[in-house]
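A quick write-up on the structure given underneath.
The values are calculated or read from the model by the stated rules, or taken from the named source; none is laboratory data. Keep in mind that this is a model prediction, so the values were computed, not measured. FYI the Cβ positions are ideal-geometry reconstructions off the backbone, even for glycines, and counts take in every protein chain you see.
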Amino acid sequence: MKTVMFEVAGMTCGGCAARVERAIREIEGVSEVSVEVARGRAVVTFDAAIVAVSRIEAASARAGYPAHATPLAAVS
């Protein structure tokens, strides 16, 4: 498993965070998602053999909130 932090743009409330979390959680291979509105970020744990970082970014963007892995992307 790999854990990556993403900067998520445009979130202003809990509903925004819920949309992002739901969009990412639906991806096969994602095991854990934590979204923080105040910090504008999401921390995602996933199976890197199944899911690419770009797929997580795309899912968040489709939910209406563009996301990009941070330069220090790997948390663990």
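Tabulated data
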read-out	value
Given (1) among the hydrophobic types (A, V, I, L, M, F, W, C); (2) over 10 Å from the mean Cα position of the chain (by Cα); (3) at pLDDT 95 or above, index of the condition V75 fails	(3)
Single residue of E28, E36 found to be of a type in the set (D, E) and either closer than 12 Å to A69 by Cβ or exposed (fewer than 12 other Cβ atoms within 10 Å of the Cβ) (or both)	E28
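Here is a yes/no grid of residues against (1) hydrophobic (A, V, I, L, M, F, W, C); (2) surrounded by 15 or more Cβ atoms within 10 Å (Cβ to Cβ); (3) touching a helix residue (DSSP H, G or I) at 6+ places or on another chain (Cβ under 8 Å):
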{"position": "M11", "(1), (2), (3)": "yes, yes, yes"}
{"position": "G15", "(1), (2), (3)": "no, no, no"}
{"position": "A18", "(1), (2), (3)": "yes, no, no"}
{"position": "I24", "(1), (2), (3)": "yes, yes, yes"}
{"position": "E32", "(1), (2), (3)": "no, no, no"}
{"position": "A48", "(1), (2), (3)": "yes, no, no"}
{"position": "I56", "(1), (2), (3)": "yes, yes, yes"}
